[in-house]
Amino acid sequence: GSELAICSTNIASVVRQNTMEVAFLAPVTSASSSAPLSHAPVIGAPAGAQGGFSVKATVAVGALAALAATSVKSKRTVRRAQEMATLPKHMQPVDPASYPNYKPGPSGVPMMPQVVGDWATPVPGSYKACLTMVGPDVETGSEVGKPWDPLGFSKLYDRNFDFNDNMTYPHVQWLREAELKHGRCAMLAIVGIFAQQSFHIDGYPEAPWYEALQKCYDNPQGIVGFGIAQISAFAMVIEGKYFPNDAWIGQMDREPGDLGFDPLKLAKDEATMKSMQLKELKNGRLAMMAFLSMFLGHFNAGSVPGVSALPRESAPAQGATFCGATPASSSEAGMSKTAARYTTQTILPSLAWIKTGVKASELQPTELKALTLAGNDVLIGKTEAGALFCVGNLCPHIGTPMSEGADVIGDVIVCPLHGSSFKVTTGQLIDWCVSPPIIGPLTGLIVDKKNLLIFECRQGGFLGSGEVEVLVDTNAKKAYEAGYWKGLLDAQGKDDGTYY
């Protein structure tokens, strides 16, 4: 018997002359079989045309199936491309071959930028873009077209391509976006700092600028909570709608800082636009420096001339005595070692503005108020015309406190004890010990005539709405006492028997 080598069946159908033709192929036997290869009869077809119709039917069906599959695949590809085109840019697929600027990595695949969410192709050119921007060369008066960039921030982005091709450093487009955003915030902040000293909205807490925000968060009730929600919502909408996508690699779809907000139509043409951009840039830079000055002036009081004043001493004010003596504070009384108070160095003046805790609006004409600022006994007041002044509280005659009954007549202050009078603007002596008769002039003979000590003062805050500030020597007390401590130490002597 013969062994069955291959068994296959092929069924094909074709419509021809309204007749269904079906061809059957018999099983194929091995070559050792003596039975000849025979075909089964074809139903409904002439005997001579059976083999030809079977081949044609198979080819036709295969072609139709391939054509149908190609059409379906083409439609599916077009539909998928249309769907991908509607997706946001950062969700579209990336072709590694589209990164010609990147060298192949160890695996042979081009290295892609490690920037989350950005799929644009990074290209060098940060410094060239800086040359085309408004305002990089105006603040220092440098050569036109030559940016003032001593640290080379505008060139850092181009160095990414010299190292590992990872976008570590930002493009100058991102830097300009950040500069404008910080400048705008600083302009709003500095206006708020000055305005809150002069104006107050009912419902908001009364607090200095550095505590106002915390006070609002501590008690977000009523209009306060509504204001916080309004500011937060506004910031989220602006940041979400105008997010600077691809600015890090210099391919943002808008100009840095352009939020499309110009309700007054100030930018009428290109020249006006550049002028307004430069004004905003310069004012933003100035506001950032101003806010930094206010910040440092508060947390390091007296460090910024003309901006901040030192706070008053935390010790309670002491009542003035007849000769102006002031009891030692508890902190000083606790210091027992005289060596800690002695120095061989010359003590030089150290001038600083000191806050008085008193507003000029609280003082009436001819009213006086005595204070002790950094060891200096001062007297602030107003003339009959309402002009603010600050003088030494101790009369130069024998140290009588001027606050104990002194009279202000015009711009002259009169000592309550012996009637000595002085100009409050210059300290110039007018009369020396004129009362009481005979006794006053006699007491004036034992002390040399002197002018009254004058202190420079100013009104702090916006438009003079803040506290009165006085310029005093913070080393005055230390310098005055230096001789005493030196004499005390000299009297005690050193441990080895010698003297200082």
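The values are calculated or read from the model by the stated rules, or taken from the named source; none is laboratory data. Everything numeric here is computed off the predicted structure, so don't read it as measured data. Counting neighbours? That spans all protein chains shown, and the Cβs are built from the backbone with ideal geometry, glycine included. With ligands, DNA and RNA removed, areas are computed over all heavy atoms of the protein, side chains included. Shrake-Rupley method; radii C 1.70, N 1.55, O 1.52, S 1.80 Å.
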Original post:
Looking at the range 224-252, which of its residues are assigned to a loop (DSSP other than H, G, I, E, B) and under 23 Å from ASP165 (Cα atoms)?
Top reply: PRO244, ASN245, ASP246, GLY250, GLN251, MET252
Original post:
Out of all the residues in the range 66-91, which are open to solvent by less than 70 Å² (accessible area, probe 1.4 Å) and either touching a His at 6+ places or on another chain (Cβ under 9 Å) or modelled with pLDDT under 70 (or both)?
Top reply: MET84, LEU87, PRO88
**OP:** Search the range 425-451 for residues being in contact with a Lys or Arg (Cβ under 9 Å, 6 or more places away or on another chain) and among the aliphatic types (A, V, I, L, M), and hand back the single one that is least open to solvent (accessible area, probe 1.4 Å).
**Re:** LEU429
**OP:** Name the one entry in ALA178, ALA212 that is under 15 Å from the mean Cα position of the chain (by Cα), open to solvent by less than 60 Å² (accessible area, probe 1.4 Å) and free of Cβ contacts under 8 Å to residues at least 60 places away in the same chain.
**Re:** ALA178
Subject >> Matching residues, the range 200-209, being assigned to a loop (DSSP other than H, G, I, E, B) and open to solvent by less than 90 Å² (accessible area, probe 1.4 Å) >> reply: GLY203, TYR204, PRO205, ALA207, PRO208
Subject >> Of all residues in the range 124-173 being among the aliphatic types (A, V, I, L, M), open to solvent by 40 Å² or more (accessible area, probe 1.4 Å) and part of a loop (DSSP other than H, G, I, E, B), the one that is farthest from LYS282 (Cα to Cα) >> reply: LEU151
**OP:** Test GLY334 against the criterion of being at pLDDT below 75, exposed (fewer than 11 other Cβ atoms within 10 Å of the Cβ), under 30 Å from VAL138 (Cα atoms) and of a type in the set (Gly, Ala, Ser), and give yes or no.
**Re:** no
Original post:
Say we look at the range 254-302 and pick out the residues that are closer than 12 Å to VAL134 by Cβ, among the small types (Gly, Ala, Ser) and open to solvent by 40 Å² or more (accessible area, probe 1.4 Å); which of these is nearest to the chain's Cα centre (by Cα)?
Top reply: SER275
**OP:** Might you let me know whether the range 303-326 holds any residue that is modelled with pLDDT of 70 or more and in a helix (DSSP H, G or I)?
**Re:** no
Original post:
Pick from VAL191, VAL224: which is open to solvent by 90 Å² or more (accessible area, probe 1.4 Å) and either at positive phi or of a type in the set (Val, Ile, Thr) (or both)?
Top reply: VAL191
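Yes/no per residue for (1) touching an Asp or Glu at 6+ places or on another chain (Cβ under 9 Å); (2) aliphatic (A, V, I, L, M):
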| position | (1), (2) |
| --- | --- |
| ILE398 | no, yes |
| VAL424 | yes, yes |
| GLN428 | no, no |
| PRO436 | no, no |
Original post:
Among the residues of the range 210-230, which ones are under 30 Å from PRO256 (Cα atoms), at pLDDT below 90 and not small (Gly, Ala, Ser)?
Top reply: LEU213, ILE228
**OP:** Examine the range 447-462 for a residue that is small (Gly, Ala, Ser), within 20 Å of THR383 (Cα to Cα) and modelled with pLDDT under 90, and state whether such a residue exists.
**Re:** yes
**OP:** Return the pairs, sorted by first residue and then second, in which the second residue is aliphatic (A, V, I, L, M) and in a helix (DSSP H, G or I), the first residue lies in the range 474-490 and is more than 29 Å from ILE354 (Cα to Cα) and modelled with pLDDT under 80, the beta carbons are less than 8 Å apart, and the residues are 6+ apart or on different chains.
**Re:** LEU489/ALA339
Subject >> Lone qualifier among GLY461, GLY392, GLY375 - being open to solvent by less than 10 Å² (accessible area, probe 1.4 Å), touching a residue at least 60 places away in the same chain (Cβ under 8 Å) and among the small types (Gly, Ala, Ser) >> reply: GLY392
